[in-house]
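Let me begin by presenting the structure, written as structure tokens, before commenting on it.
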Amino acid sequence: QVQLVESGGGLVQPGGSLSLSCAASGITLTIYAMGWYRQAPGKQRELVAAIAKDGSTSYVPSVKGRFTISRDNAKNTLYLQMNSLKPEDTAVYYCNSAPPIIQNWGQGTQVTVSS
């Protein structure tokens, strides 16, 4: 059974940092391009960062230069390092393949940026 488990979210002040993790089981992440998605209240879920099978990365303009996506193949885990956080980064963050073809989304991890 495929399972994605996100963790690492929390409450942080503007300008702070958080590191998210996505542990996968039932699948091997290296066979997919993977991504981090987020969904803010009242908004659609959006892809914010992706890492291709060859390790190349891409970001939406709003997070470029602040977020870094990475993958540990040995641990079958995806990461998102988030720096210089802004209130508009507040959302539930999810991982999935890019595009999202893994049917079982995880529960996500809440990131709240507020003073």
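The values are calculated or read from the model by the stated rules, or taken from the named source; none is laboratory data. Note that the structure is a prediction, hence the values are computed from the model and not measured. Note: ideal-geometry Cβ built from the backbone for every residue, glycine included; neighbour counts use all protein chains shown. With ligands, DNA and RNA removed, areas are computed over all heavy atoms of the protein, side chains included. Shrake-Rupley method; radii C 1.70, N 1.55, O 1.52, S 1.80 Å.
Can I get the semi-axes of region 6-115's equivalent ellipsoid? Compute them from the C-alpha gyration tensor as square roots of 5 times the eigenvalues, in angstrom, largest first.
Values: eigenvalues 96, 40, 33 Å².
Working through the eigenvalues yields semi-axes of 22, 14, 13 Å.
How far is it, in nm, from the label point at T112 to the one at A40 when both lie 7 Å from their Cα along the line to the Cβ?
1.7 nm
On the accessible surface of the chain, probed at 1.4 Å, how many percent belong to carbon and sulfur atoms?
Values: 2930 of 5940 Å².
That share works out to 49 percent.
What net charge do the residues around G108 carry, taking every other residue with its C-beta under 12 Å from that of G108, with Lys and Arg at +1 and Asp and Glu at -1?
Numbers: positive: R38, R45; negative: E6.
Summing Lys and Arg as +1 and Asp and Glu as -1 gives +1.
I'd like the trypsin sites (Lys or Arg not before Pro) in region 43-115 restricted to DSSP loop residues with at most 14 other Cβ atoms within 10 Å, sorted by number. Don't jump to the answer; show the numbers that get you there.
Numbers: sites: K43, R45, K53, K64, R66, R71, K75; in loops: K43, R45, K53, K64, R66, K75.
For trypsin sites (Lys or Arg not before Pro) across region 43-115 that sit outside H, G, I, E and B with at most 14 neighbouring Cβ atoms in 10 Å, the list reads K43, K53, K64, K75.
With every protein chain kept in place and ligands, DNA and RNA left out, what is the accessible area per residue of the chain? Probe 1.4 Å, answer in Å².
On the way: 5940 Å² over 115 residues.
Normalised by residue count, the accessible surface of the chain is 52 Å².
Of the peptides 34-40, 55-61, how do they stack up when ordered by the mean number of other Cβ atoms within 10 Å, highest first?
The densest-packed peptide leads the list: 34-40, 55-61.
Please report how far the C-alpha centroid of region 39-70 lies from that of region 80-115, rounded to the nearest whole angstrom.
Region 39-70 and region 80-115 have Cα centres spaced 9 Å from each other.
In nm, give the distance between the simple-model label positions of V2 and N73, each being 7 Å from the Cα along the Cα-to-Cβ direction.
Output for this residue pair reads 2.0 nm.
Enumerate the calculated ³J(HN,Hα) couplings along region 4-21 in order (Karplus 6.51 cos²θ - 1.76 cosθ + 1.60, θ = phi - 60°), each rounded to whole Hz, writing x wherever the residue is Gly or Pro.
Ordered by residue, 3J(HN,Hα) equals 10, 10, 8, 7, x, x, x, 9, 9, 7, x, x, x, 10, 9, 10, 9, 10 Hz.
What's the Cα-based Rg to Rh of region 52-115, Rh via Kirkwood?
Working: Rg = 12.9 Å, Rh = 13.3 Å.
Using Cα coordinates only, the ratio equals 0.96.
Starting from the Cα of A33, move 7 Å in the Cα-to-Cβ direction to define the label point; list residues of region 49-74 whose amide nitrogen is under 11 Å from there.
50-59
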